[in-house]
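Here the structure comes first, spelled out in structure tokens, and everything after it is commentary.
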Ligand SMILES: CC(C)(COP(=O)(O)OP(=O)(O)OC[C@H]1O[C@@H](n2cnc3c(N)ncnc32)[C@H](O)[C@@H]1OP(=O)(O)O)[C@@H](O)C(=O)NCCC(=O)NCCS
């Protein structure tokens, strides 16, 4: 039998930098309740959301993803040509094929980079981060650009009382690269396809073409809430255990920005000490799915609430149902 050469990677990987980009249109709850029987008070109390960012004229999924990516590349002190793989996590790219990642790689100036899209909804960034870490450690890539970008406003039915006020747009990006110490803990991830009906798209492309209805997101809010506050709470605790840490070792908690009440329940379950800084970007940004974790990390870092070198617990969860989380060292 012929012996094949194996690729040799870095012993460890870490996040070298984070970037983010937000659309410029700010919509408060008063705007949303024009279309649904609801109120600013109810939305704030049930979700924590005060306002959200939606695409303005001239802004696109692509423009947000590129802006976040450029910031992350620059902050890593790299040129685009130093980055050899691009993983884009999104459910908002309305082309079955080709994927958007190769186009982004080309526009960024990456040269012959591996580039593909990942569909893992609100767990998308943490899914892609796990893959990036594995690629760097396996020697399949040296620097990986991970992007989570969504324009869920384009998949929102303004008249759906169960979803209209939740979803939003944005992009976050990270560069993952080699490291002498470990900066990305083991991923805890999985799926439960038996609950695929908990968050759905109201029409697939074929039926949309047949009856002309534009697909929107639908959601069984109670089912998602129940799963997120029970199963996801235990999965989040496992991320800490797998990294060999206890709650006292944590500095920062960045849960997917789905709902402040879900975050509160996770906090109670995990018994995190008071000193732990908790991401709450949902208040001003809504739920921007795969973009929410990197945007929240960037927001905590740029506002000074979190610092480089601190230990952060990430968890993403959403349609599929799917989830992924890991402990990381902040760049
Ligand atoms: C969507 C969500 C906020 C709805 O809150 P809820 O408390 O579960 O709402 P329910 O459907 O149980 O309805 C409770 C009451 O609020 C009312 N209600 C529902 N939607 C409403 C709205 N938009 N505005 C005002 N009242 C509303 C219902 O009519 C019901 O009234 P009743 O008690 O008089 O019958 C909540 O289920 C949720 O956040 N789920 C998780 C969703 C999520 O995180 N998704 C993203 C995952 S990636």
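The values are calculated or read from the model by the stated rules, or taken from the named source; none is laboratory data. Just so we're clear, the structure is a prediction, and the values are computed from it rather than from any experiment. Using ideal geometry, Cβ is built from the backbone for each residue, glycine included, and neighbour counts are taken over all protein chains shown.
Over 27 Å from residue 301 (Cα atoms), surrounded by 15 or more Cβ atoms within 10 Å (Cβ to Cβ) and either in contact with a strand residue (DSSP E or B) (Cβ under 8 Å, 6 or more places away or on another chain) or in the same structural domain as residue 287 (by TED's automatic domain parsing) (or both): is that true of residue 114 in this structure?
Numbers: over 27 Å from residue 301 (Cα atoms): yes; surrounded by 15 or more Cβ atoms within 10 Å (Cβ to Cβ): yes; either in contact with a strand residue (DSSP E or B) (Cβ under 8 Å, 6 or more places away or on another chain) or in the same structural domain as residue 287 (by TED's automatic domain parsing) (or both): yes.
The answer is yes for residue 114.
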query = Which of the residues belonging to the range 136-177 are away from the ligand (no atom under 16 Å from the Cβ) and in a helix (DSSP H, G or I)?
reply = 136, 137, 138, 154
task = Kindly indicate whether any position in the range 99-117 is assigned to a loop (DSSP other than H, G, I, E, B), modelled with pLDDT under 95 and either more than 15 Å from residue 291 (Cα to Cα) or in contact with a helix residue (DSSP H, G or I) (Cβ under 9 Å, 6 or more places away or on another chain) (or both).
result = yes
remark   = Residues in the range 45-80 that are within 22 Å of the chain's Cα centre (by Cα) and within 16 Å of the ligand (Cβ to nearest atom) total 7
message = Considering only residues that are under 19 Å from residue 293 (Cα atoms), within 16 Å of the ligand (Cβ to nearest atom) and assigned to a loop (DSSP other than H, G, I, E, B), which ones fall in the range 228-273?
response = 256, 257, 258, 259
inquiry  = Restricting to the range 1-52, give me the number of residues that are free of Cβ contacts under 8 Å to residues at least 40 places away in the same chain and not in a loop (DSSP other than H, G, I, E, B).
reply    = 11
request  = Can you tell me which residue within the range 187-227, out of those that are more than 16 Å from the ligand (Cβ to nearest atom) and part of a loop (DSSP other than H, G, I, E, B), is nearest to residue 137 (Cα to Cα)?
outcome  = 187
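Only one of these is in contact with a strand residue (DSSP E or B) (Cβ under 7 Å, 6 or more places away or on another chain) and either surrounded by fewer than 13 Cβ atoms within 10 Å (Cβ to Cβ) or free of Cβ contacts under 8 Å to residues at least 12 places away in the same chain (or both): 202, 263, 181, 234. Name it.
Details: 202 fails: either surrounded by fewer than 13 Cβ atoms within 10 Å (Cβ to Cβ) or free of Cβ contacts under 8 Å to residues at least 12 places away in the same chain (or both); 263 fails: either surrounded by fewer than 13 Cβ atoms within 10 Å (Cβ to Cβ) or free of Cβ contacts under 8 Å to residues at least 12 places away in the same chain (or both); 234 fails: in contact with a strand residue (DSSP E or B) (Cβ under 7 Å, 6 or more places away or on another chain).
Step by step, each of 202, 263, 181, 234 is checked, and only 181 is in contact with a strand residue (DSSP E or B) (Cβ under 7 Å, 6 or more places away or on another chain) and either surrounded by fewer than 13 Cβ atoms within 10 Å (Cβ to Cβ) or free of Cβ contacts under 8 Å to residues at least 12 places away in the same chain (or both).
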